[in-house]
Amino acid sequence: MDKFQFLKNIKNKDDRVIISNVLDKYEKYNNTGIFTYTNFLDEKIISMIKNLKIDYNIYKAHDYCEKSIIYFGNYDNYVTIYKIDGKFSHNEILGTLFSLGLDHYTIGDIIVCDDCFFLTNLTRLNSLIENNLYEINNVRVFPKKVDNIIVTKERFTNFNIIVPSYRIDCIVSKLANMGRNETIKYINNGLVLLNYNEISHKKMVKENDIISIRKVGKFIIGKEEKRTKKDNIVLSIKKYN
């Protein structure tokens, strides 16, 4: 499939723009040999790019990270990791970064630990972070460059849910505490991904599938623990912290 046909088949306009940008960088590298790289990409975009017949490299700062960059040529310190001491929520950190003019594509992963958090940042934007990120929620902070992310918090929270079937709308309804009609609308609007792909609300899920629900979280489907007397399913779930 050629570039234009591939892009034509992508329904979401924002996704189409991102993929087009990746392909432009690929063509630039092929034509000039100059190393280049993308902004941060989520797993949905990465999974789409895997369907393209192009050579590329991926950099992810840690297994916990959900965002990566794609680069062409050699890796050249495109991403910097900052450690910032203090107890802050993900929303407090994200709001502060937005106020600095960053967005979802230039903000990397924010990994919150018990007494600090780690921020992955595009190295070209280091001066913005170092000169402007001095306060979060009225608390003074001091970004410090580090070589690695050291996670001190459990990656998952484990719990069970009871659902009538393995259909994704039933499971999302329970995970997001939504009514059926709202859940179906949420899924049909592309706000729920199964293994990083958009799906129909009638799609059936299976063990080890990953469900991402916008503004709710990311979950891994576990084993069927048992059936209730009414034949409902007791299903184990792992939620990413």
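Any idea how many residues of the range 45-94 are over 17 Å from the mean Cα position of the chain (by Cα) and either more than 15 Å from CYS116 (Cα to Cα) or of a type in the set (D, E, K, R) (or both)?
Residues that pass the stated criteria total 20.
Within the range 31-41, which residues are farther than 25 Å from HIS104 by Cβ and either free of Cβ contacts under 8 Å to residues at least 40 places away in the same chain or touching a helix residue (DSSP H, G or I) at 6+ places or on another chain (Cβ under 6 Å) (or both)?
Correct list: ASN31, THR32, ILE34.
Could you tell me which numbered condition LEU102 fails, if it satisfies all but one of (1) open to solvent by 90 Å² or more (accessible area, probe 1.4 Å); (2) assigned to a loop (DSSP other than H, G, I, E, B)?
Here LEU102 clears every test but (1).
How many residues, within the range 154-173, are over 13 Å from VAL234 (Cα atoms), part of a loop (DSSP other than H, G, I, E, B) and open to solvent by less than 70 Å² (accessible area, probe 1.4 Å)?
1
Return yes when LYS44 is more than 29 Å from LYS218 (Cα to Cα), touching a residue at least 12 places away in the same chain (Cβ under 8 Å) and either among the aromatic types (Phe, Trp, Tyr) or assigned to a helix (DSSP H, G or I) (or both) and no when it is not.
Considered against the rule, which asks whether it is more than 29 Å from LYS218 (Cα to Cα), touching a residue at least 12 places away in the same chain (Cβ under 8 Å) and either among the aromatic types (Phe, Trp, Tyr) or assigned to a helix (DSSP H, G or I) (or both), LYS44 comes out as no.
Would you be able to tell me the number of residues in the range 49-65 that are touching a residue at least 40 places away in the same chain (Cβ under 8 Å) and open to solvent by less than 70 Å² (accessible area, probe 1.4 Å)?
5
Looking only at the range 174-196, decide whether some residue is open to solvent by less than 40 Å² (accessible area, probe 1.4 Å), in contact (Cβ under 8 Å) with a residue 24 or more places away in the chain, closer than 14 Å to GLY222 by Cα and outside any strand (DSSP E or B).
yes
Output the number of the condition that VAL151 fails; it satisfies all remaining conditions of (1) under 23 Å from HIS104 (Cβ atoms); (2) surrounded by fewer than 19 Cβ atoms within 10 Å (Cβ to Cβ); (3) within 20 Å of the chain's Cα centre (by Cα); (4) free of Cβ contacts under 8 Å to residues at least 60 places away in the same chain.
(4)
Return the pairs, sorted by first residue and then second, in which the second residue is surrounded by 12 or more Cβ atoms within 10 Å (Cβ to Cβ) and not hydrophobic (A, V, I, L, M, F, W, C), the first residue lies in the range 4-16 and is within 12 Å of GLU198 (Cα to Cα) and touching a residue at least 60 places away in the same chain (Cβ under 8 Å), the beta carbons are less than 9 Å apart, and the residues are 6+ apart or on different chains.
Going by the 9 Å Cβ cut-off, the qualifying pairs are LYS11/GLY190; LYS11/GLU198; ASN12/GLY190; ASN12/GLU198.
Pairs needed: first member in the range 112-128, open to solvent by 30 Å² or more (accessible area, probe 1.4 Å); second member anywhere, of a type in the set (Gly, Ala, Ser) and not in a strand (DSSP E or B); C-beta distance under 8 Å; at least 6 residues apart or different chains.
Note: pairs meeting the criteria are VAL112/SER89; ASP115/GLY86; LEU128/GLY101.
Considering only residues of the range 197-219 that are of a type in the set (S, T, N, Q) and either surrounded by fewer than 19 Cβ atoms within 10 Å (Cβ to Cβ) or more than 15 Å from the chain's Cα centre (by Cα) (or both), which is nearest to TYR240 (Cα to Cα)?
ASN208
Pick from PHE88, PHE6: which is in a helix (DSSP H, G or I) and either hydrophobic (A, V, I, L, M, F, W, C) or at positive phi (or both)?
Selected residue: PHE6, the only one of PHE88, PHE6 that is in a helix (DSSP H, G or I) and either hydrophobic (A, V, I, L, M, F, W, C) or at positive phi (or both).
The values are calculated or read from the model by the stated rules, or taken from the named source; none is laboratory data. All values derive from a computational prediction rather than experimental measurement. Don't worry about glycine lacking a Cβ; one is built from the backbone with ideal geometry, like all the others, and counts go over all protein chains shown. The protein model used for the area step is the full one, side chains on, heavy atoms only, and it has no ligands, DNA or RNA in it. Shrake-Rupley method; radii C 1.70, N 1.55, O 1.52, S 1.80 Å.
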